[in-house]
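The values are calculated or read from the model by the stated rules, or taken from the named source; none is laboratory data. Bear in mind that the values here come from a model prediction, so they are computed numbers and not experimental data. Heads up, the Cβs are rebuilt from the backbone with ideal geometry, glycines too, and the neighbour counts pull from every protein chain shown. What goes into the accessible areas is simple: the full protein's heavy atoms, side chains included, and nothing from ligands, DNA or RNA. Shrake-Rupley method; radii C 1.70, N 1.55, O 1.52, S 1.80 Å.
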Amino acid sequence: MVASVRRLHQWRAMMQRAMGMMAPLGFRLQAVPSAPRRTLSCAQDVLRRTPLYDFHLAHGGKMVAFAGWSLPVQYQESHVDSHLHTRRHCSLFDVSHMLQTKILGCDRVKLMESLVVGDIAELRPNQGTLSLFTNEAGGILDDLIVTNTSEGHLYVVSNAGCWDKDLALMQDKVRELKNRGSDVGLEIVDNALLALQGPTAAQVLQAGVADDLRKLPFMTSAVMEVFGVSGCRVTRCGYTGEDGVEISVPATGAVHLAMALLKNPEVKLAGLAARDSLRLEAGLCLYGSDIDEHTTPVEGSLGWTLGKRRRVAMDFPGAKVIVPQLKGEVQRRRVGLICEGAPMRAYNPILSTEGTKIGIVTSGCPSPCLKKNVAMGYVPFKYSQPGTQLLVEVRRKQQMAVVSKMPFVPTNYYTLK
């Protein structure tokens, strides 16, 4: 019991340092609606609450501070039970803390491509992509999902921990382009965001929608009525590696929708703890831990997010730094690590087999599925090949680790055959 409490405290400390998850989708919800949006930096600041706050308490949610919000870390079941339930059935996550925005106007693609590395112009109607905000030094300002909706706007979801930074970045660019005569605008979406994740998620959701979800593959989106709540945007995506959806739902309908989904015995509630271990098994980055402003997309093993046309044009922030890295060796790379023994945690040193410090762990936890310890971290390029033997220092003791391909657990995204 003492060990379990200690692990929970360690996890909470790690999560509070992280300040933001890549989970696609979620937004403008706060404890006090009239409170100004700002970075919460002192104890007297009130944590923002999602529309499901009272719902979480009523269902035994253990609330913690995360990126300025009060969110459930877990419910009555253990973190491991929630994790495994998601892999075998499906779980419901509240990710309403994420920033959701609409980019409007004829020049919306021009605006977005001036900020991100992806090819937004090539997106088909209702198709989305993971992309990255970058700075002129090539660093990653945030990761985000951009969807080209059939309603004539871009739907953007980015991390809660980067809320103020991301919003200022986009608003400044809107003003800049407007001053040049461009037709562009920005709106914050005031919806809640629910993520239903797991192999039975589509089956559960299909009972509450008229649309055929077999025609909604990974990274596509559609607006539909969901269990009687109209105006929901359903996107086939997630942060767990499993099939699933994220539902942007009007705040007034969020509790109704959550209750409707929970009526199915396949569905259980899950919190931040399970969300973190699930994304780590899937090899997905946590912004602020695994990637940040001092990490380039190539160093972060995210070079695949760069659109081919954009690579040739070199017309995105930091292109002069990033594009040459695609063609040559970089000083360091994000890698997966597997080890037995004590779990690897953020900030644990990574050593060569000779005992020289060569890198650092950025995220780590015991894998409930593999029954082994998994982690991500950065090492020099020459140590980044899968199968490379290394050492990790945990609790002042060195233990063997091996560089592993990611994801650690196979992903199960739904794609049309």
Notebook entry, point to check: Across the range 255-270, in residue order, what do the Karplus-derived ³J(HN,Hα) couplings come to in whole Hz, using 6.51 cos²θ - 1.76 cosθ + 1.60 with θ = phi - 60° and x for Gly and Pro?
Noted result: 5, 4, 5, 4, 5, 4, 5, 5, 5, 7, x, 5, 9, 10, 6, 9
Next item on the list: Could you pull out the pairs from K110/K308; K110/K165; K102/K320 whose alpha carbons sit more than 27 Å apart here?
Entry: K102/K320
Notebook entry, point to check: Once you sort the root eigenvalues of the Cα gyration tensor of the range 299-417 as a ≥ b ≥ c, which label holds: rounded (a/c under 1.5), prolate (a/b larger than b/c) or oblate (the other case)?
Noted result: oblate
Item checked: Long-range HN-HN contacts of N348 with modeled amide H, under 5 Å -> V361
Note to self: Could you check the spin-label model distance between A168 and C106? Points 7 Å from the Cα along Cα→Cβ, value in nm.
What the structure shows: 3.3 nm
Notebook entry, point to check: Quick one: putting +1 on the C-beta of Lys and Arg, -1 on the C-beta of Asp and Glu, what dipole do you get for the range 279-417 around its Cα centre, in Debye to the nearest 20?
Noted result: 280 debye
Next item on the list: At 7 Å along the Cα-to-beta-carbon direction for both K405 and D81, put a label point, then send me their distance in nm to one decimal.
Entry: 3.6 nm
Notebook entry, point to check: Taking the chain as a Gaussian network, where each spring joins two C-alpha atoms under 10 Å apart, which residue of R309, R279, R180 fluctuates the most?
Noted result: R180
Check: According to a simple spin-label model (label point 7 Å from Cα along Cα-to-Cβ), what is the distance in nm between K320 and R180?
Finding: 1.7 nm
Checklist line | Compactness index (Cα Rg / 2.2 N^0.38 Å), the range 55-191 | finding: 1.25
Note to self: About the Cα centre, and with charges only on the beta carbon of Lys, Arg (+1) and Asp, Glu (-1), how big is the dipole of the range 216-283? Nearest 20 debye, please.
What the structure shows: 140 debye
Checklist line | Diffusion coefficient, µm² s⁻¹, Stokes-Einstein with Kirkwood Rh over alpha-carbon pairs of the chain at 20 °C and 1.002 mPa s | finding: 98 µm²/s
Notebook entry, point to check: Which of F381, F316, F133 moves most in a GNM of the chain, Cα contacts under 10 Å?
Noted result: F381
Notebook entry, point to check: Out of G283, G359, G181, any idea which swings most in a Gaussian network model of the chain, alpha carbons joined below 10 Å?
Noted result: G181
Check: Any idea how many Lys pairs in the range 357-417 come in under 22 angstrom at the alpha carbon, given 8 or more places apart or on separate chains?
Finding: 8
Notebook entry, point to check: For the range 123-193, what does the alpha-carbon gyration tensor say about shape, rounded, prolate or oblate, given a ≥ b ≥ c as the root eigenvalues, a/c under 1.5 as rounded, and a/b over b/c as prolate?
Noted result: rounded
Note to self: Leaving out ligands, DNA and RNA, and with a 1.4 Å probe, what % of the accessible surface on the chain is carbon or sulfur?
What the structure shows: 52 percent
Check: Heavy-atom accessible area per residue, the chain, 1.4 Å probe: how many Å²?
Finding: 42 Å²
Check: Efficiency by 1/(1 + (r/R0)^6): what FRET value for W304 and L416, r their Cβ-Cβ distance, R0 = 25 Å, to the nearest 0.05?
Finding: 0.80
Margin query: Which residue, N348, M406, G283, has the largest displacement toward the positive end of the dipole of the chain when charges sit on each Cβ (Lys, Arg +1; Asp, Glu -1)?
Written below: N348
Checklist line | Relative contact order for the chain, counting Cα pairs under 8 Å that sit 6 or more residues apart, in percent | finding: 18 percent
